[in-house]
Amino acid sequence: MSLKGKHIVLGITGSIAAYKAAILTRLFIKEGAEVQVVITPAGKEFITPVTLSALTGKPVVSEFFTANDGTWHSHVDLGLWADLMVVAPATASTLGKMANGIADNMLITTYLSMKAPVFIAPAMDLDMFAHPSTQRNISILKSYGNQIIEPASGELASHLIGKGRMEEPESIVKEVKAYFEKKKSLSGKRILITAGPTYERLDPVRFIGNYSTGKMGFALAEECACRGAEVILVAGPVALSIDHPQIHRIDVESADEMYHEATTVFPSVDVAILCAAVADYRPEIKSETKIKRKGDNLNLALVPNKDIAAELGRLKSEKQLLVGFALETDNEQENAKKKVEKKNLDYIVLNSLRNPGAGFRTDTNQVTIIDRNGNEDNFELKLKTALASDIIEQTLLKNK
Ligand code: CTP
């Protein structure tokens, strides 16, 4: 895949590695991209705007205004124009400003206005890179969803040897191309995702529920949408928000409502990922008024809810893919395999409550993915957001 027609904003800052930015610009252009350079005042000390504008065919942007005619350069327009922003090289100072929103130059204002993803390739001396301030800024930038292109180890401009050398332009281009490749990996697919718990109402103030937060399902929805899919997210009661033009969210409360929405949507989708922790039972009687305390024991009669996964497994056509989840406390593998068969799933994502950091109420999870033939793939403990990508690759994209 080339970068034909892609709009790339290339931010260049004041590091000796700025000379490599000319090679990077050239490689982007060769791949068919349009490149707009935004350079900091310090960056211009290392590489001239003339070199860069000759390569891109566009004037380099550096100041908020052009001094002689008072033209204002709109960082907002650049933020809308770009398909991707790459900051290479990024100095320690720029990382700090980006992490903290210190918008005192055109590059940072452009970054803050950016609608597109941002890749950052740090370049600095090894001690500066290892410093807790730099590392903290990098963690902050990662937590905002920016992609850090880790610097390489080797001889630095100071002649010291260590980690801090900006990644080579060829590798940066490779990462950028992989990003665009991934971005369209699910384009044209319609995906149903159920997420969160269900609440089974007892009376106007009480319900039977569970500890599911919906984080795994929401991470999957976000990842599928970022890969180009259209997502229908049927969510139980959760405290999460999600904002993506390709995610259509339907909020439900009970298992019965979730069943209704999921079965209605299912015939129109290619894939269903059933991540919700659906209550297996609901109270037989919903009291219209608050149940009052009496001296005696209170016995609740519960009746079974419909099994959404099993019903979708029954309805499933040859072309549709069904991925279920299982949260187990014992006999994990055996129980999960039984569910694959019983519910006619193609894959099941198993997490065990015995593993610390896995399951409900955590940002992390550790899973094993089991297919219809019983083949297992184990994944290490990682953030649910990162795991979402693994799950998609190991299931939806496995046989592509
Ligand atoms: N599931 C569902 N509808 C239900 C119950 C479960 O769609 N009423 C789905 C879950 O979203 C999950 C899979 O089935 O993808 C397995 O859920 P789990 O609760 O582990 O399975 P159960 O069949 O309820 O088994 P048990 O509670 O006995 O372990």
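Restricting to region 172-212, what's the tally of residues that are among the hydroxyl-bearing types (S, T, Y), over 22 Å from the mean Cα position of the chain (by Cα) and surrounded by 14 or more Cβ atoms within 10 Å (Cβ to Cβ)?
Initially, region 172-212 is screened for residues among the hydroxyl-bearing types (S, T, Y), giving 179, 185, 187, 194, 198-199, 211-212.
Within this subset, residues satisfying the condition of being over 22 Å from the mean Cα position of the chain (by Cα) are 198-199, 211.
Narrowing the set further to residues that are surrounded by 14 or more Cβ atoms within 10 Å (Cβ to Cβ) leaves 198-199.
Count: 2.
Being open to solvent by less than 20 Å² (accessible area, probe 1.4 Å), touching a residue at least 12 places away in the same chain (Cβ under 8 Å), part of a loop (DSSP other than H, G, I, E, B) and not assigned by TED's automatic domain parsing to the domain that holds P117 is the requirement here; does A279 meet it? Give the steps one after another, and end with the answer.
Values: open to solvent by less than 20 Å² (accessible area, probe 1.4 Å): yes; touching a residue at least 12 places away in the same chain (Cβ under 8 Å): yes; part of a loop (DSSP other than H, G, I, E, B): yes; not assigned by TED's automatic domain parsing to the domain that holds P117: yes.
The answer is yes for A279.
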For this session: Name the single residue, out of those in region 283-328 being in contact with a Gly (Cβ under 7 Å, 6 or more places away or on another chain) and either among the small types (G, A, S) or under 20 Å from E200 (Cα atoms) (or both), that is surrounded by the most Cβ atoms within 10 Å (Cβ to Cβ).
Result: A309
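Do we find that G101 is closer than 22 Å to I138 by Cβ, in contact with a Phe, Trp or Tyr (Cβ under 7 Å, 6 or more places away or on another chain), at pLDDT 95 or above and open to solvent by 10 Å² or more (accessible area, probe 1.4 Å) in this structure? It would help to see each step written out before you state the result.
Numbers: closer than 22 Å to I138 by Cβ: yes; in contact with a Phe, Trp or Tyr (Cβ under 7 Å, 6 or more places away or on another chain): no; at pLDDT 95 or above: yes; open to solvent by 10 Å² or more (accessible area, probe 1.4 Å): yes.
The answer is no for G101.
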Exercise. Can you pull out the residues in region 23-48 that are in contact with a strand residue (DSSP E or B) (Cβ under 8 Å, 6 or more places away or on another chain) and either among the polar types (S, T, N, Q) or closer than 22 Å to D83 by Cα (or both)?
Worked result: L24, T25, F28, I29, A33, E34, V35, Q36, V37, V38, I39, T40
Seminar exercise, completed: Restricting attention to region 316-355, the residues that are away from the ligand (no atom under 11 Å from the Cβ) and closer than 19 Å to D390 by Cβ number exactly 5
For this session: Return a yes/no flag: does region 262-280 have any residue that is in contact with a strand residue (DSSP E or B) (Cβ under 7 Å, 6 or more places away or on another chain), away from the ligand (no atom under 15 Å from the Cβ) and closer than 16 Å to V231 by Cβ.
Result: yes
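The values are calculated or read from the model by the stated rules, or taken from the named source; none is laboratory data. In this text, all values refer to a predicted model and were calculated from it rather than measured experimentally. FYI the Cβ positions are ideal-geometry reconstructions off the backbone, even for glycines, and counts take in every protein chain you see. The protein model used for the area step is the full one, side chains on, heavy atoms only, and it has no ligands, DNA or RNA in it. Shrake-Rupley method; radii C 1.70, N 1.55, O 1.52, S 1.80 Å.
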